[in-house]
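Where a number appears in this text, it was derived from the coordinates with a stated rule and is not lab data. What you are looking at is a predicted structure, and each value in this text was computed from that prediction instead of being measured. Quick reminder, even Gly has a Cβ in these numbers, built from the backbone with ideal geometry, and neighbours come from all protein chains shown.
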Amino acid sequence: MDAFRIQGGQRLTGTISVDGSKNAALPLLAAALLTDDHVSYSGIPKLSDISNMLTLLKELGCSISEDEQTTTVKVEDSSNAHARYDIVRTMRASVCVLGPLLAKRGIAKVSMPGGCSFGDRPIDLHLRGLEALGARIELDGGDIIAHAERLRGATIFLGGPFGSTVLGTANVMSAATLASGQTIIESAACEPEIVDLANLLNAMGANISGAGTPRITIKGVDELTGTKHEIMPDRIVAGTWAIAAAMTNGDIKIERFPLNQLLAVRDVLEHVGVHIHQLDAEQDTNACSVQIVTDRVLKPVIFTTQPFPGFPTDLQAQMMALLCLARGNSIITEKIYPERFMHVPELSRMGARLVRQGATVVVQGVDHLVGAPVMASDLRASASLVLAGLAAEGETIVSRVYHLDRGYANMEKILKSLGANIERLASEQVDDFLPAVETVSKNQVIQSNS
């Protein structure tokens, strides 16, 4: 498995642009199953998750045409409604084909989803919502099988123990576009990715109002048509680049930065001493140019992850890496996925002082981090280890970076363009570096603790 080799201590400088959102693109691509016409997308990021989704759509009878700017999807054969385990196990978001398949073809057979391994993320809310629309649901051999001649509108509550469900809202909202009558989703996810999906569906002829609020109303229509759609910028990637700049005391300009969607992140960063300055007040704050400016001394902060518009769980690990360098004690509480702390032992290998108690971690700031061999466990945890490596003294090897390829397109190339000393090692090269790194890391830890 590939790894990143990072020589820390380089200050990041330059200009980069934020790619289209992975979390938005996956349900947007699945929505093409709701029409027989062409649906064209611009700004689709080049990620392994996207590649897997396109492979799944091909299996479900879609033709895919791509050029540098546009990806076009068209249903050619509606006979297959089975999303097989071989594909679905690689990507949890594959479950978002369930609603569109059921609404359009009357049947959907989707394997129970896979994805990251940081805790239980059941899909019972998806199924409960579809059952409320009239679907008959059964489980057979690890496959979810849903049937419905035509869905019918209903009032559905989608709140769960840790808040609303984003993919569940996307699934139910997509299915309800072709249901008879009116559907109301109460306690709907308010994330910008849901707004982006609603915008696409409305452009296809759906009648959706309230997206971005806890109550979404969908008036069913008989059919949807094709359209063209530009994917929103990825707010998690944007936040990751901003934190990378802060950790290296860098000077980075970020274009297509979704400032309006990162207000909670901006607020926490301001308390720490990291400032996001919009460069042109006339630009749309959903995709504007910003400069990242960092104070010489980082301050501790207390924050809790929450559903949008709160602090996103997908930036918790990256923010923890930054707070390792703050002067004082920070407290992070994870309210979305309480087990999402697989990066804690790996950051500790790099000299971080972290104390976990249940869903809370106390971060005791240190003067510096030290390079070490670390192992990625999930997409965002992997990003935090890369950021820590950029700021650490010495060499860091981040193994299993296939996790990063799921959510960051050409991460090492982008960071290298900003001045980072980072390279990708092929799997056969990794062992050549690990013994030397282990020896250096042990020496550095002894020196740092003396």
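Observations on the structure shown:
- Straight-line reach from residue 74: taking Cα to Cα under 24 Å and skipping same-chain neighbours fewer than 8 places apart, the lysines in range are 22, 46, 58, 104, 109, 228.
- Rounded to the nearest 20 debye, the dipole magnitude of segment 269-425 is 440 debye, with +1 charges on Lys and Arg beta carbons, -1 on Asp and Glu beta carbons, and the Cα centre as origin.
- Here the extension length gained between residue 356 and residue 80 equals 94.7 nm, from 0.36 nm per residue of separation less the Cα-Cα distance.
- Only helices enter this figure: runs of n ≥ 4 DSSP H residues, each worth -39500 (n - 2.57), summed and divided by the residues of the chain, yield -9500 deg cm²/dmol at 222 nm to the nearest 500.
- Of 317, 306, 426, farthest towards positive along the dipole that unit charges on Lys, Arg, Asp, Glu beta carbons give segment 292-428: 306
- A simple spin-label model places pseudo-atoms 7 Å from Cα toward Cβ; at residue 280 and residue 63 they are separated by 3.8 nm.
- What you get for the chain, charging only the Cβ of Lys and Arg (+1) and of Asp and Glu (-1), is a dipole of about 840 debye around the Cα centre.
- Among 269, 111, 133 - extreme Cα towards positive end, dipole of the chain, charges at beta-carbon: 269
- Share antiparallel - DSSP beta bridges, the chain, percent rounded to 5: 70 percent
- Only one residue of 172, 23, 162 has its Cα farthest out toward the positive end of the dipole of segment 22-230, where Lys and Arg carry +1 and Asp and Glu -1 on Cβ, and that residue is 162.
- Distance from the Cα centroid of segment 205-273 to that of segment 50-71 is 23 Å (rounded to whole angstrom).
- Packing-based ranking, highest mean first, of 29-39, 94-104 given that Cβ atoms within 10 Å are counted: 94-104, 29-39
- One decimal place: the segment residue 89-residue 140 gains 16.8 nm when fully extended, by the rule 0.36 nm per residue minus the C-alpha distance.
- In segment 22-230, the DSSP beta bridges split such that about 75 percent are antiparallel, to the nearest 5.
- For residue 157, the amide hydrogen comes within under 5 Å of the amide hydrogens of 186, counting only partners 5 or more places away or on other chains and with H modelled in the peptide plane.
- Interchain or long-range residues, amide H under 5 Å from residue 89's placed H: 114
- Relative contact order [Cα under 8 Å, 6+ residues apart], the chain, whole percent: 20 percent
- Rounded if a/c under 1.5, otherwise prolate or oblate - segment 22-230, Cα gyration tensor axes: rounded
- Relative contact order of segment 22-230, pairs being alpha-carbon contacts under 8 Å that are 6 or more residues apart, as %: 21 percent
- Simple Cβ-charge dipole of segment 22-230, Lys/Arg +1 and Asp/Glu -1, about Cα centre, in debye nearest 20: 340 debye
- The listed peptides 312-321, 382-391, 78-87, 215-224, ordered by packing as a protection proxy, come out as 382-391, 312-321, 215-224, 78-87 (highest mean of other Cβ atoms within 10 Å first).
- A Förster radius of 25 Å, combined with the Cβ-Cβ distance separating residue 293 from residue 427, puts the computed FRET efficiency at roughly 0.05.
- By the equivalent-ellipsoid construction on the alpha carbon gyration tensor, the chain comes out with semi-axes of 39, 22, 21 Å, ordered largest to smallest.
- Comparing 198, 132, 246 in a Gaussian network model of the chain where C-alpha atoms under 10 Å apart are linked, the largest mean-square fluctuation is found at 132.
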